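A quick write-up on the structure given underneath.
Coordinate-derived values only; no laboratory data. Quantities reported herein were computed from a predicted structural model and do not represent experimental measurements. Methodologically, a virtual Cβ is constructed for each residue, glycine included, from the backbone with ideal geometry; neighbour enumeration extends over all protein chains shown.
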Amino acid sequence: MFTTIPVKTNNHDQMIDITDQISSWIQEQGVKSGAVIVSSTHTTAGITINENADPDVKTDMLRRFREVYPWEHPEDRHMEGNTAAHMKTSTVGHAQTIIIQDGELVLGTWQGIYFCEFDGPRSRKVHAKIIQ
């Protein structure tokens, strides 16, 4: 079982909670047990799991990423000028694997799955594959 979920980003850097979309798709598939791999095939956008209760977590994370990886650096040589986006994606990673038990994602009380845009706004894709 495989799906592709379109994601439209509106900002240069943004974290979009995609937990409900992944969860709904799993329930539609009728899967009771297994795992789902959630992946971004973009070199400037990643997938992470983090707190989804307080929106300030996303704000703080994006601010800290900007501090660690400033958009412009005098020694960056990448022609497109988006080295910072590549660094951020390498930091969060391109994919996450989540356990499925009793038809539900096994996530902590405060956890959500985020698509992380680091070079937007753009139209992106998230891929998900269920392993049983």
For the Cα atoms of the chain, what angle does the longest principal axis make with the long axis of helix 19-29, in degrees from 0 to 90, nearest 10?
30 degrees
Rounded to the nearest whole number, the per residue volume of the convex hull around the C-alpha atoms of the range 49-93 in Å³ is 72 Å³
State, in angstrom, two size descriptors of the range 1-79 derived from its alpha carbons: Rg to one decimal place and Dmax to the nearest whole number.
16.1, 52
Extension gain from Q27 to V57, taking 0.36 nm per residue of separation minus the Cα-Cα distance:
8.0 nm
Within-15-Å neighbourhood charge of M61 [Cβ basis; K, R +1; D, E -1]
-3
Work through the residues other than M79 whose Cβ is under 15 Å from its Cβ and net out their charges, Lys, Arg +1 and Asp, Glu -1.
-4
Estimated 222 nm signal from helices in the chain, with DSSP H stretches of n ≥ 4 weighted -39500 (n - 2.57), rounded to 500
-8000 deg cm²/dmol
Work out, step by step, the length gained on full extension between T41 and T91: first 0.36 nm times the residue separation, then minus their alpha carbon distance; give nm to one decimal.
16.5 nm
Extension length gain for F2 and D17 (0.36 nm per residue less Cα distance), in nm, is 3.5 nm
Excluding P6 itself, what net charge comes from residues whose Cβ is under 9 Å from its Cβ, given Lys and Arg +1 and Asp and Glu -1?
+3
